[in-house]
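S.K.: Got a structure here, written out as structure tokens. Questions coming.
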Amino acid sequence: MALDLGGRILRSRTVAALASPHGIDRYLTQINPMLAAHEVRARITDIHPEVSAPGAPRVATVTLQPTSTWRGHRAGQHVSVGIDTGEGRRTTRVFTVSNTESKPGEPLTITVRAHEDEHATPYSISKFLTERATVGTLVHLSQAEGDFVLPDRVPEHIVLISGGSGITPVMSMLRSLQRRTHRGKVTFLHWAPSADRQIFADELDEIRRQGHGVDLHIMHTSDGAPYLSPALLEKLVPGFREVPTWACGPASLIEAAQAAYAGTESLRVEYFKPPRTAGVAGGEMEFARTGKSVANDGATILDQAEAAGLTPESGCRMGICFSCVTNKSSGRVRNVLTGETSELPDEQIRICVSTPEGDCSVDL
Amino acid sequence: MTSVEKTGNRRLSPEELEAFGAEMEAIRQRIVADLGEEDSAYIYDIVKKQRAFELAGRALFYLPVIGWVPAVACLSISKILDNMEIGHNVMHGQYDWMGDPDLNSRMFDWDTMAPAENWKYGHNYMHHTFTNIVGKDRDVGYGILRMDEDQKWHPYYLGNPLYAFLLMTFFEWGVAMHDLEVDELVAGRRTWAENKEIGARIWRKVKKQTLKDYVLFPLLTGPLAPLTFAGNFTANIIRNIWTFNIIFCGHFPAGVASFSQEECEDETQGHWYYRQLLGSANITGSRTFHIMSGNLSHQIEHHLFPDLPARRYPEIAEEVREICERYGLAYNTGPLRKQLFGVFKKICKYALPDRKSEAAAAAEPTPVLEGVAA
């Protein structure tokens with residue numbers, strides 16, 4: 001109660017006016033980084049290895065104790081994670097929250113697979129978290145975001161589809177369903193390269209053994225398992241196009257699912273990585289502020305800018321965090337996530353998920 | 001115009017300019033590659049100190065009588081650090097590479113009347129791109145003063161010293177209003193519509209700053225409110241005077257060159273560096289002095305490399321000096337009193353009509369406040 005009163009005072013308009021223009025959090029953080037009125041920060045309280053097979057990239061589940069400002073999350077949502085990884089640089093990337101739904105101020109976990117990230121120095125955030133971070137490391141968070149979530153009333157039968165690391169939001173959904181004691185049926189289809197790289201292997205075994213309405217199918221492609229196809233879906237889930245489905249994974253899996261569901265509204269998708277499909281090459285990509293221009297090669301504007309030697313600001317590189325928002329003064333761009341095009345002048349665009357179509361000019 | 005020749009400098013050949021530019025570019029590349037832990041630790045430390053001075057200043061107003069002078073001192077230091085070593089430099093993007101939103105040029109706003117967004121356009125773009133190009137750089141005289149002989153004389157400019165004094169005292173207001181380009185508005189080259197958004201931003205920021213310094217913090221000290229009000233006002237004025245003097249010493253002491261628009265058409269990178277060098281002047285002083293000036297005491301280095309962390313300027317300065325010597329270019333530096341005297345002389349000199357071109361100027365009357373007409 002006392003704490004709540006303190007929070008209300010710190011978030012009051014009077015305090016905001018007194019702390020203007022910097023904001024009260026800029027002062028609180030000088031006292032203790034875990035004191036915050038608006039922002040969310042967290043300390044790592046546990047790092048649990050999930051996969052440490054020789055030769056395979058490490059996977060770890062990191063538990064975070066957030067500040068009281070954390071509003072909780074719904075299964076399937078993601079969060080921006082910023083960490084000072086050394087050399088005075090902070091890297092921010094987006095991860096799915098992998099534990100069951102959390103209430104305000106409750107701990108959350110993220111499950112991270114180590115991979116290289118040429119745009120993050122000196123370490124990729126996933127490598128830092130799996131190899132270098134220790135208990136006590138400070139982490140800067142956003143609130144949970146994203147609408148790839150289960151509805152409050154979960155339908156009688158649902159299908160969950162995931163590929164690779166895309167299992168994390170789906171796993172969070174499954175765990176939350178079990179906690180909510182969902183009585184309906186869940187068909188869970190997961191594709192992974194091989195058995196020894198399987199995240200959450202023990203927990204999945206446990207789910208398989210217990211049954212409890214979860215129909216689990218794990219396909220290891222290295223063992224020659226079939227890829228997602230309408231025929232396979234029909235075999236496992238007869239009449240699948242009518243069953244509410246949540247799918248998260250790499251672009252190839254999402255595209256296969258979209259083709260299989262043929263535009264029905266049952267399917268909700270989340271890209272684990274933005275599709276790498278190249279846009280249309282041609283025309284001139286102009287970076288107006290630096291006066292540079294290149295021949296448009298169809299890649300995202302962010303990639304083209306970096307290839308031209310510019311260092312525009314960016315974060316998640318998948319259209320989530322809005323760090324890279326830039327003014328496009330002219331030209332048509334395609335959003336690689338939605339396929340939508342727009343050609344309004346002076347438009348704020350996320351350059352990490354926008355490819356130019358023809359001549360285009362941005363303020364970089 | 002105080003042409004390059006008048007400052008005793010020589011013009012470089014196109015080949016020399018190219019080589020000169022390449023040497024500057026090499027410095028830049030080397031520093032960019034070297035940015036890291038020390039730079040981030042430095043700015044975090046300055047921020048910490050600024051916050052501490054600010055809190056101490058606000059708190060000392062509760063101490064009647066004996067607290068007042070130290071309170072004003074702490075608050076003045078806090079505001080100077082906030083505006084210069086932190087605000088000005090962060091908003092140049094000097095720390096964007098750190099990836100910390102608190103020190104990001106797009107997010108940061110400073111403790112002064114001027115809204116960050118307006119200032120960044122007028123300063124980072126107009127002033128830093130067109131530095132000392134008469135008729136393009138609006139910081140030549142700020143549209144108020146006559147600081148160059150190419151600005152046509154008008155009886156209005158007899159008030160030059162008075163205007164300078166007022167601008168110095170209320171500098172934060174001057175900086176805020178600067179972006180409205182009132183002189184351009186009067187001359188009919190700018191419309192009210194263009195100013196709508198800029199004006200709205202100024203109004204919002206002014207309300208916030210006024211509420212904080214002149215209403216809320218005084219009220220919080222209860223019966224001491226009038227003293228707190230006076231203290232906050234004094235701290236703002238002290239910061240104004242300090243920043244005005246540092247900034248005017250950066251571009252207006254004796255020996256600083258200005259350029260015509262023709263000279264800078266299709267400018268090469270080498271000439272851009274050359275112009276930045278000759279259009280700026282440094283001030284010598286102690287380490288504390290440099291920090292309190294936001295390292296704008298190294299105005300030359302700042303203009304050559306506006307987006308490199310300012311704490312690097314002293315180290316870069318030695319190399320720049322050496323390069324200047326090799327190219328036979330002057331490196332304009334001196335103690336504060338010398339540079340200030342140069343500025344003062346200019347303000348007074350240009351208040352009066354030019355002796356030789358007086359007749360020409362009188363033949364063509366110019367509207368009041370025309371400022372830097374091309």
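The values are calculated or read from the model by the stated rules, or taken from the named source; none is laboratory data. Predicted model, so just to flag it, every value in this text is computed and none were measured. Please note: Cβ atoms are built from the backbone with ideal geometry, for glycine as well, and neighbour counts cover all protein chains shown. Accessible surface areas use protein heavy atoms only, side chains included; no ligands, DNA or RNA. Shrake-Rupley method; radii C 1.70, N 1.55, O 1.52, S 1.80 Å.
S.K.: Could you tell me which residue of the range A:98-125 is nearest to B:D34 (Cα to Cα), considering only residues that are among the β-branched types (V, I, T) and within 14 Å of chain B (Cβ to nearest Cβ)?
M.R.: Out of the qualifying residues, it is A:T121.
S.K.: Here is a follow-up. Would you say B:W110 is closer than 22 Å to A:T311 by Cβ and facing chain A (nearest Cβ under 8 Å)?
M.R.: no
S.K.: Please work out which one of (1) under 15 Å from the mean Cα position of the chain (by Cα); (2) surrounded by 22 or more Cβ atoms within 10 Å (Cβ to Cβ) is the condition A:L150 fails and give its number.
M.R.: Only one criterion is unmet by A:L150, namely (1).
S.K.: Going residue by residue through the range B:285-296, is there one that turns out to be of a type in the set (S, T, N, Q), over 20 Å from B:V175 (Cβ atoms) and modelled with pLDDT under 95?
M.R.: No, that holds for no residue.
S.K.: So the check is Cβ under 6 Å with 6+ separation or different chains; which pairs have a first residue in the range A:307-324 that's in contact (Cβ under 8 Å) with a residue 60 or more places away in the chain and a second one that's open to solvent by less than 20 Å² (accessible area, probe 1.4 Å)?
M.R.: A:S314/A:L302; A:S314/A:C324; A:S314/A:C352; A:R317/A:C352; A:C321/A:S80; A:C321/A:G315; A:S323/A:G315
S.K.: Further question on the same structure: Which residues, counting only those in the range B:163-221, are within 14 Å of another protein chain (Cβ to nearest Cβ) and farther than 17 Å from B:G231 by Cα?
M.R.: Selection gives B:A176, B:E197, B:R201, B:I202, B:R204, B:K205, B:V206, B:K207, B:K208.
S.K.: Let me ask something else. Are there any pairs, at least 6 apart or on different chains, whose C-beta atoms fall under 9 Å, with the first in the range B:245-258 and more than 16 Å from B:P161 (Cα to Cα) and the second of a type in the set (K, R) and crowded, with 22+ Cβ neighbours inside 10 Å, and if so, which?
M.R.: Final answer for the pair search is B:A254/B:K346; B:A257/B:R275.
S.K.: Looking at the range B:126-154 only, could you name the residues that are basic (K, R) and surrounded by 21 or more Cβ atoms within 10 Å (Cβ to Cβ)?
M.R.: B:R146
S.K.: Basic (K, R), within 12 Å of chain B (Cβ to nearest Cβ) and open to solvent by 30 Å² or more (accessible area, probe 1.4 Å): does that describe A:R13?
M.R.: The answer is yes for A:R13.
S.K.: Now for a different question. From the list A:F200, A:F188, exactly one residue is at positive phi, open to solvent by less than 40 Å² (accessible area, probe 1.4 Å) and in contact (Cβ under 8 Å) with a residue 12 or more places away in the chain. Which is it?
M.R.: Matching residue, one of A:F200, A:F188: A:F200.
S.K.: Would you kindly identify the strands (runs of 3 or more DSSP E) lying entirely within the range A:49-97 that contain at least 3 residues that are out of contact with any Asp or Glu (no Cβ under 8 Å at 6 or more places or on another chain) and either within 14 Å of another protein chain (Cβ to nearest Cβ) or open to solvent by 10 Å² or more (accessible area, probe 1.4 Å) (or both)?
M.R.: Result: A:78-86, A:89-96.
S.K.: If you don't mind, another one. Filter the range B:1-37 for residues that are farther than 18 Å from B:S280 by Cα and in a loop (DSSP other than H, G, I, E, B) and give the result.
M.R.: B:S13, B:L35, B:G36
S.K.: Identify, by number, the condition in (1) open to solvent by 30 Å² or more (accessible area, probe 1.4 Å); (2) in contact with a Pro (Cβ under 7 Å, 6 or more places away or on another chain); (3) modelled with pLDDT of 85 or more that A:E343 doesn't meet.
M.R.: Single failed check for A:E343: (2).
S.K.: In the range A:270-297, which residues are modelled with pLDDT of 90 or more and buried (at least 19 other Cβ atoms within 10 Å of the Cβ)?
M.R.: Of everything in the range A:270-297, those that are modelled with pLDDT of 90 or more and buried (at least 19 other Cβ atoms within 10 Å of the Cβ) turn out to be A:M285, A:E286, A:F287, A:N296.
S.K.: Going through the range B:54-83 one residue at a time, which ones are under 18 Å from B:L220 (Cβ atoms), within 14 Å of chain A (Cβ to nearest Cβ), in a helix (DSSP H, G or I) and hydrophobic (A, V, I, L, M, F, W, C)?
M.R.: B:L55, B:A56, B:A59, B:L75, listed by residue number.
S.K.: I'd like the full set of residues that are touching a Lys or Arg at 6+ places or on another chain (Cβ under 6 Å) and assigned to a helix (DSSP H, G or I), limited to the range B:161-208.
M.R.: Residue satisfying the conditions is B:E184 alone.
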